[in-house]
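Here the structure is laid out as structure tokens; the discussion comes afterwards.
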Amino acid sequence: MASTIFDSFYMPIYRPDHRSPTHQTHVSGQGTQAAQPPRFFLDIDVTKWERIAHPVLQQHRPYLSSIYLPARENGALHATEGDVVAQLGLELCHPVQKALECARPGTTYGSEFISPPFTLASRAHVARADKVYLGQFQAGRKPFAVLEFKNVSVVDGHEFGEGIISDEANFNAYMENINENRFVLTSGTWTLLKQATNYSMAFDTPFVAIADMRTLILLVFPLRQGMRAGRYALVTVIEDPKLMRRALLGFLLMAHRHQQRPDQLYPMMKQVLSEEVRKWIDDQRSRAAGLRGSPAAARVSGSSTQASEPPRILLEIDVISEAPLGASGTSKSVPDSQTWKSSIDTLFSTNWTRRQDTFSAN
């Protein structure tokens with residue numbers, strides 16, 4: 001029996017039984033190579049995203065109950081990333097996007113999307129994302145979130161979970177020691193984090209999601225600057241297939257809201273962080289503010305020999321105090337809104353020209 005779009009939000013997405021141990025993540029582009037991922041995670045419980053999605057689903061329930069989820073294609077092999085894109089396009093993205101269209105009319109999205117050029121090591125580079133979510137046409141359609149697909153079982157939920165700091169003592173230790181890292185630098189998870197960091201920078205959004213049909217990872221980079229993600233990122237690791245549609249919808253709604261008010265990221269994130277984690281961050285911010293005004297901090301900032309080595313606790317609170325460096329020590333320039341509009345208009349014009357050439361040739 002066919003399921004309505006509304007009902008699908010309370011049903012599991014299809015998860016293949018098989019795993020794909022032969023599929024490996026790898027660093028391909030210069031942007032990914034230069035990206036400096038977070039050193040640890042702070043957790044956002046999946047229920048926080050569900051709570052954001054719930055009122056939207058209820059408000060638009062009549063319409064979402066009148067349209068149906070496409071029937072599953074039982075013959076799909078799920079052996080390649082293209083298979084995953086096709087299946088999750090039906091199972092995950094379609095219902096989420098229908099709900100998003102109701103809640104935020106005018107929202108658009110595109111696949112195989114290329115970023116405007118950015119400068120790295122004195123050379124121009126671009127990034128390509130599987131799917132981006134954009135604002136309205138009048139706003140220049142700048143992305144507010146990126147969704148990347150991976151082969152089945154490439155995303156290791158356990159390894160992502162191992163990156164989460166769960167107590168204040170560890171949080172403070174990791175904040176104050178720049179060399180601490182929760183991740184194995186040769187792991188597939190570290191490579192995925194480098195890719196996600198690159199997407200965040202290239203598409204100028206803190207909101208990046210990764211999905212592989214078995215696991216959905218929702219990442220927020222509140223400290224990003226240049227090619228650095230900052231000391232930590234916020235993460236939700238979702239392996240329960242019943243929660244994935246609601247979680248992704250809540251995540252995209254928050255990302256859209258951030259696009260409207262980009263200066264309000266931390267107040268927005270306080271809505272989804274636990275009270276305990278909010279306290280850790282606020283205490284850290286308060287201590288850093290005190291250090292900035294202390295005589296010791298003044299002596300450090302006034303010293304020519306020590307100016308390049310600020311106190312570790314000052315490195316990252318709201319933003320990173322260090323210069324945004326790429327792998328070669330050069331800064332990465334983020335495209336402004338006009339560059340985005342020009343680049344995207346060019347992209348659509350180029351694609352349309354190619355289509356016309358194809359039609360003429362046939």
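The values are calculated or read from the model by the stated rules, or taken from the named source; none is laboratory data. Just so it is clear, the structure is predicted and the values come from calculations on it, not from any experiment. Neighbour counts run over all protein chains shown; Cβ positions are idealised from the backbone, glycine included.
Of all residues in region 32-69, exactly one satisfies the criterion of being in a helix (DSSP H, G or I), in contact (Cβ under 8 Å) with a residue 60 or more places away in the chain and more than 26 Å from the chain's Cα centre (by Cα), namely 64. Taking every residue in region 209-221 that is within 15 Å of residue 188 (Cβ to Cβ) and pairing it with any residue that is among the hydroxyl-bearing types (Ser, Thr, Tyr) and assigned to a loop (DSSP other than H, G, I, E, B), at least 6 positions away or on another chain, the pairs with Cβ-Cβ distances below 6 Å are 214/153.
The lone criterion from (1) modelled with pLDDT of 90 or more; (2) polar (S, T, N, Q); (3) surrounded by fewer than 20 Cβ atoms within 10 Å (Cβ to Cβ) left unmet by residue 200 is number (3). Taking residues in region 153-173 that are free of Cβ contacts under 8 Å to residues at least 60 places away in the same chain, and partners anywhere that are basic (Lys, Arg) and not in a helix (DSSP H, G or I), the pairs with Cβ atoms closer than 8 Å and at least 6 places apart or on different chains are 162/182.
Being under 16 Å from residue 35 (Cβ atoms), of a type in the set (S, T, N, Q) and surrounded by fewer than 18 Cβ atoms within 10 Å (Cβ to Cβ) is true for just one of 166, 187. Which residue is that?
187
Would you please name the residue that is farthest from residue 3 (Cα to Cα), looking only at residues in region 24-71 that are modelled with pLDDT of 90 or more and among the hydroxyl-bearing types (Ser, Thr, Tyr)? I'd like the intermediate steps shown before the answer.
Quick first cut of region 24-71, residues modelled with pLDDT of 90 or more only: 37-69.
With among the hydroxyl-bearing types (Ser, Thr, Tyr) added as a condition, the list becomes 47, 63, 65-66, 68.
Values: 47: 23, 63: 13, 65: 9, 66: 10, 68: 6 Å.
Among residues in region 24-71 that are modelled with pLDDT of 90 or more and among the hydroxyl-bearing types (Ser, Thr, Tyr), the one farthest from residue 3 (Cα to Cα) is 47.
Every listed requirement among (1) surrounded by 23 or more Cβ atoms within 10 Å (Cβ to Cβ); (2) under 21 Å from residue 51 (Cβ atoms) is met by residue 242 save one, (1).
Being at pLDDT below 90, small (Gly, Ala, Ser) and within 30 Å of residue 61 (Cα to Cα) is the filter here; which residues of region 72-109 pass it? If the condition is that a residue be at pLDDT below 90, small (Gly, Ala, Ser) and within 30 Å of residue 61 (Cα to Cα), then 86, 106 are the ones that fit. If you filter region 250-283 down to residues that are under 18 Å from the mean Cα position of the chain (by Cα) and either of a type in the set (Ser, Thr, Tyr) or outside any helix (DSSP H, G or I) (or both), you find that the one that is surrounded by the fewest Cβ atoms within 10 Å (Cβ to Cβ) is 261. Among the conditions (1) at pLDDT 80 or above; (2) in a helix (DSSP H, G or I), the only one that residue 138 does not satisfy is (1). If you go through region 231-249 and keep only what is assigned to a strand (DSSP E or B), closer than 15 Å to residue 157 by Cα and in contact with a Ser or Thr (Cβ under 9 Å, 6 or more places away or on another chain), you end up with 237, 238. Residues in region 217-230 that are in contact with a Phe, Trp or Tyr (Cβ under 9 Å, 6 or more places away or on another chain) and outside any strand (DSSP E or B) were compared, and the one that is surrounded by the most Cβ atoms within 10 Å (Cβ to Cβ) is 229.
Restricting attention to region 70-90, the residues that are touching a residue at least 24 places away in the same chain (Cβ under 8 Å), surrounded by 13 or more Cβ atoms within 10 Å (Cβ to Cβ) and of a type in the set (A, V, I, L, M) add up to 4.
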